[in-house]
1. Would you calculate the separation in nanometres between label points at Ala75 and Lys100, each defined as 7 Å from the Cα along the Cα-to-beta-carbon direction?
2. Restricting attention to the stretch 67-124, which trypsin sites (Lys or Arg not before Pro) occupy a DSSP loop and are surrounded by at most 10 other Cβ atoms within 10 Å?
3. Based on Cα coordinates alone, diagonalise the gyration tensor for the stretch 47-105, multiply each eigenvalue by 5, take square roots, and list the semi-axes in whole Å, largest first.
4. Quick check for you: which residues of the stretch 23-61 have the amide N under 17 Å from the point 7 Å beyond the Cα of Asn87 toward its beta carbon?
5. Under the rule of at least 5 residues apart or a separate chain, name every residue whose amide H is placed under 5 Å from the amide H of Lys72.
6. How large is ³J(HN,Hα) for each residue in the stretch 29-39, as worked out from phi by the Karplus curve 6.51 cos²θ - 1.76 cosθ + 1.60 (θ = phi - 60°), to whole Hz, x for Gly and Pro?
7. Report, ordered by chain and residue number, the lysines lying within cross-link reach of Lys65, taken as a straight Cα distance under 22 Å and ignoring same-chain residues fewer than 8 apart.
8. For the pair Gln119 and Thr58, how long in nm is the line joining their label points, each one 7 Å along Cα→Cβ?
Amino acid sequence: QVQLEESGGGLVQTGGSLRLSCVVPGRTFVDGSMAWFRQAPGKAREFVAGMWWFGGRTDYAESVKGRFTVSKDNAKNTLELQMKGLNPEDTAVYYCAGSKFRSTVVRSVKFDYWGRGTQVIVSS
């Protein structure tokens, strides 16, 4: 069931930045986890970054650590992904995902709620 909505994707050059947002409905995941996944053409979907919705824990794929930052905007009730130092390998459809549960390793929980995705294209 699609409950989330991503935005902020676009076309950028290598080394550029983008900020993705995901609208989180109400308090659905207040005690759970939110994360970003991505899927490149012809590739499997992979975990990018995630966090406990109330804070205290974040998790990043090694490939994006130090370049991407996941956070939430309390005023807008959105999950954010600030991406810097983008390279062509970051080109993918980025998906927002939610879970009503938590794990010390954020990526380990089952994400049952998804957005439709937002396209990120990084040109050389």
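1. Placing both labels 7 Å along Cα→Cβ, they lie 3.1 nm apart.
2. Within the stretch 67-124, the qualifying trypsin sites (Lys or Arg not before Pro) (loop, at most 10 other Cβ atoms within 10 Å) are Lys110.
3. Semi-axes from the Cα gyration tensor: 20, 13, 11 Å.
4. The answer is 40, 48, 61, whose backbone nitrogens lie closer than 17 Å to the label point.
5. It is Glu80, by chain and number.
6. 10, 4, 9, x, 10, 10, 8, 10, 10, 9, 9
7. Answer for Lys65, where 22 Å is the Cα cut-off: Lys43, Lys84, Lys110, listed by chain and number.
8. For the pair Gln119/Thr58, the computed spacing is 2.9 nm.
The values are calculated or read from the model by the stated rules, or taken from the named source; none is laboratory data. Because the structure is a prediction, the values reported are computed rather than measured. For neighbour counting, all protein chains shown are included, and Cβ atoms are generated from backbone atoms with ideal geometry for every residue, glycine included. Remember, those area values only see protein heavy atoms, side chains included, never the ligands or the DNA or RNA. Shrake-Rupley method; radii C 1.70, N 1.55, O 1.52, S 1.80 Å.
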